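The values are calculated or read from the model by the stated rules, or taken from the named source; none is laboratory data. What you see is a predicted model, and the numbers here were worked out from it, not measured in a lab. Heads up, the Cβs are rebuilt from the backbone with ideal geometry, glycines too, and the neighbour counts pull from every protein chain shown.
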Amino acid sequence: MNLTGERNSSLTKKVKKEKAISAPEATVGEGASHNWFERNPKKTIIFILLFLCLFIIYGAEIYLRLTSENLDNYDSGLKRYIVLREPQPLQVTNNTPTKRYLTLTDGLEKKNYVMRIDENGFIMPSKRYDNPDVTLAFLGSSTTECGFVDEEKRFPYLTGKLLEKKLDLKINSYNAAAHGNNSIHSLNILLNKVLPLNPDVVIMKHNISDLRILMSTGTYWSTGSGDSPIVVTSTNSFSARSFFRSIKNMLIPNLYAKVKQFADRFSDNDTPIIPVGKGGSVKIDKARILKEFKMNLRTFVSICESRGITPVLMTQANRYTDAPDKIVVDSLKRLKEYYGFEYSDFKALADAFNEAVRQVALESEIKLIDLAAEVPQTNEYLYDSTHLNNNGSELSAEIIARELVGLVEIPGE
């Protein structure tokens with residue numbers, strides 16, 4: 001009995017001892033499972049210190065931004081840069097005029113028009129020879145881009161081909177135009193994209209795009225216009241649109257381009273000559289906007305001549321006649337609503353811009369190619385007010401090649 005009692009007593013003491021030891025551990029464990037900070041005191045302290053450091057650093061940045069001047073590497077949160085308006089390099093598109101667009105045209109065939117862009121943003125075909133005898137470059141807007149013209153019938157390319165046959169030379173002819181570009185954009189392209197080609201002749205054609213921006217804003221540098229050559233962005237503000245655009249460009253650029261191309265078939269792809277605005281909100285100073293345009297033309301001539309390049313100016317063919325047809329009238333039907341003047345007023349301005357091209361060419365003693373005078377003002381050559389169709393582009397190439405024969409220097413002569 002004594003032995004059994006001792007054993008029982010010993011067993012009881014052992015159980016109590018184990019309970020006494022395990023009870024605190026269980027208590028601590030239960031509390032810790034509900035409080036990460038108590039279970040990880042060191043990590044908690046480090047986290048708090050890091051948070052405080054970041055708060056102090058950011059607070060110092062805000063303070064310096066508001067109070068300091070002339071700091072090295074100072075970031076105000078604003079970025080300004082000049083836009084190089086060009087087609088997307090290495091892009092291949094099949095452009096088909098929509099049903100809506102076709103209602104605003106006549107003389108345009110509904111089919112796919114291939115547009116291929118090389119790695120430098122030039123419309124192909126462009127560089128055909130590594131060592132050409134002559135290099136030409138064309139500057140302009142959509143009327144030079146020729147988006148709805150067959151690839152090998154676009155006049156910038158076709159001009160080079162015709163000159164090759166006439167002069168028995170190897171000629172590269174670059175199309176550096178882009179729809180919506182005005183002469184300021186072309187000057188930028190000339191300086192940063194065309195000059196590195198070491199061209200022999202550069203031909204520029206502008207009219208309606210310049211007239212449009214000067215009519216609507218009175219200046220080439222309007223900050224409220226999408227045509228402004230200078231873009232200002234904020235690096236300190238979050239934009240959901242820019243964020244998702246970056247994601248799209250990084251993950252699905254080609255898929256997005258295909259979907260957009262498909263969707264464009266069912267939307268309006270026409271760009272009105274007259275921008276959206278309030279009627280009578282802009283007073284047009286004809287003398288001033290013509291002066292602005294002429295200064296850009298003279299700048300083009302000066303840049304070319306200072307680089308030993310032969311500059312050529314071209315007028316823009318159009319269907320602005322004294323008795324306009326329905327297509328022309330419809331394309332300008334918002335003139336009165338926006339600016340309070342009639343078709344005849346706009347025609348006078350378009351004619352004055354072509355005349356400005358003639359005047360600058362004459363005073364600068366450079367070659368003028370007068371497409372406005374030589375391309376018939378009918379739908380056989382122009383499918384709307386200003387855009388050439390295949391026939392018009394081929395005729396323009398013949399005229400330009402004929403006029404350039406005397407300007408192109410034959411190597412060795």
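A few remarks follow.
- Failed item, numbered, when residue 390 is tested on (1) over 26 Å from residue 149 (Cβ atoms); (2) surrounded by 19 or more Cβ atoms within 10 Å (Cβ to Cβ): (1)
- In the set (1) part of a helix (DSSP H, G or I); (2) within 18 Å of residue 387 (Cα to Cα); (3) modelled with pLDDT under 95, the condition left unmet by residue 179 is number (1).
- Given (1) at pLDDT 95 or above; (2) surrounded by fewer than 15 Cβ atoms within 10 Å (Cβ to Cβ); (3) of a type in the set (D, E, K, R); (4) in a loop (DSSP other than H, G, I, E, B), index of the condition residue 283 fails: (1)
- Among the residues of the range 353-368, the ones that are within 30 Å of the chain's Cα centre (by Cα) and in a helix (DSSP H, G or I) come to 8 in all.
- Any chance residue 366 is in contact with a helix residue (DSSP H, G or I) (Cβ under 7 Å, 6 or more places away or on another chain) and hydrophobic (A, V, I, L, M, F, W, C): yes
- Taking the range 118-142 as the range and being assigned to a strand (DSSP E or B) and either among the aliphatic types (A, V, I, L, M) or free of Cβ contacts under 8 Å to residues at least 40 places away in the same chain (or both) as the test, the residues that pass are 123, 134, 136, 137, 139.
- Residues located in the range 313-339, provided they are over 30 Å from residue 401 (Cα atoms) and touching a strand residue (DSSP E or B) at 6+ places or on another chain (Cβ under 6 Å): none
Residue-by-condition table, conditions (1) over 31 Å from the mean Cα position of the chain (by Cα); (2) within 25 Å of residue 200 (Cβ to Cβ); (3) modelled with pLDDT under 95; (4) among the basic types (Lys, Arg):
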{"position": "350", "(1), (2), (3), (4)": "no, no, no, no"}
{"position": "370", "(1), (2), (3), (4)": "no, yes, no, no"}
{"position": "374", "(1), (2), (3), (4)": "yes, yes, no, no"}
{"position": "383", "(1), (2), (3), (4)": "no, no, no, no"}
{"position": "387", "(1), (2), (3), (4)": "no, no, no, no"}
{"position": "392", "(1), (2), (3), (4)": "no, no, no, no"}
{"position": "401", "(1), (2), (3), (4)": "no, yes, no, no"}
{"position": "409", "(1), (2), (3), (4)": "yes, yes, yes, no"}
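- Residues that are at positive phi and either among the acidic types (Asp, Glu) or surrounded by fewer than 24 Cβ atoms within 10 Å (Cβ to Cβ) (or both), drawn from the range 145-196: 168, 180
- Applying the criterion of being touching a residue at least 40 places away in the same chain (Cβ under 8 Å) and within 21 Å of residue 105 (Cβ to Cβ) to the residues of the range 326-345, the residue that is surrounded by the fewest Cβ atoms within 10 Å (Cβ to Cβ) is 330.
- Residues in the range 84-108 that are of a type in the set (D, E, K, R) and exposed (fewer than 13 other Cβ atoms within 10 Å of the Cβ): 99, 100.
- One residue from 352, 401, 356 being of a type in the set (Gly, Ala, Ser) and within 26 Å of residue 165 (Cα to Cα): 401
- Check on residue 227, out of contact with any Gly (no Cβ under 6 Å at 6 or more places or on another chain), within 21 Å of residue 387 (Cβ to Cβ) and modelled with pLDDT under 95: yes
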